[in-house]
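Remarks on the structure that follows.
The values are calculated or read from the model by the stated rules, or taken from the named source; none is laboratory data. Since the model is a prediction, treat every value here as computed from it, not as a measurement. For neighbour counting, all protein chains shown are included, and Cβ atoms are generated from backbone atoms with ideal geometry for every residue, glycine included.
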Amino acid sequence: MSARPSEEHADIVLCPDGPMLLRGAAVVQDEDGVRHRTTRPVTAVCRCGHSAIKPWCDGTHKLLRD
Ligand code: FES
């Protein structure tokens, strides 16, 4: 039994100690209510709170490890 097309991959992926990957998201609303539009097929949203381009991940989380 094969999965339905929408179940073949996750729409939201939480990366260990890293961003949340959103597949197919068009608008992300931040904690201040500001809406950020993306046109990328997969968008990385910062979860560590240290990105300089929030709400997007800029890779800074990699510097915070150990
Ligand atoms: S999760 Fe990547 S910079 Fe915060």
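Worth pointing out:
- Within segment 22-37, being under 26 Å from LEU64 (Cα atoms) and without any contact (Cβ under 8 Å) to a residue 24 or more places away in the chain holds for LEU22, ARG23, GLN29, GLU31, ASP32, HIS36.
- Candidates in segment 19-37 are the residues that are assigned to a loop (DSSP other than H, G, I, E, B) and away from the ligand (no atom under 15 Å from the Cβ); of these, the one that is surrounded by the most Cβ atoms within 10 Å (Cβ to Cβ) is ALA25.
- Candidate set: segment 46-66, residues that are touching a helix residue (DSSP H, G or I) at 6+ places or on another chain (Cβ under 8 Å) and either outside any loop (DSSP other than H, G, I, E, B) or small (Gly, Ala, Ser) (or both); chosen: the one farthest from GLY18 (Cα to Cα): ALA52
- Residue within segment 56-64 that is within 16 Å of the ligand (Cβ to nearest atom), over 12 Å from the mean Cα position of the chain (by Cα), surrounded by fewer than 12 Cβ atoms within 10 Å (Cβ to Cβ) and modelled with pLDDT under 95 present: yes
- Single condition THR43 does not satisfy, out of (1) surrounded by 13 or more Cβ atoms within 10 Å (Cβ to Cβ); (2) modelled with pLDDT of 90 or more; (3) more than 8 Å from the ligand (Cβ to nearest atom); (4) outside any strand (DSSP E or B): (4)
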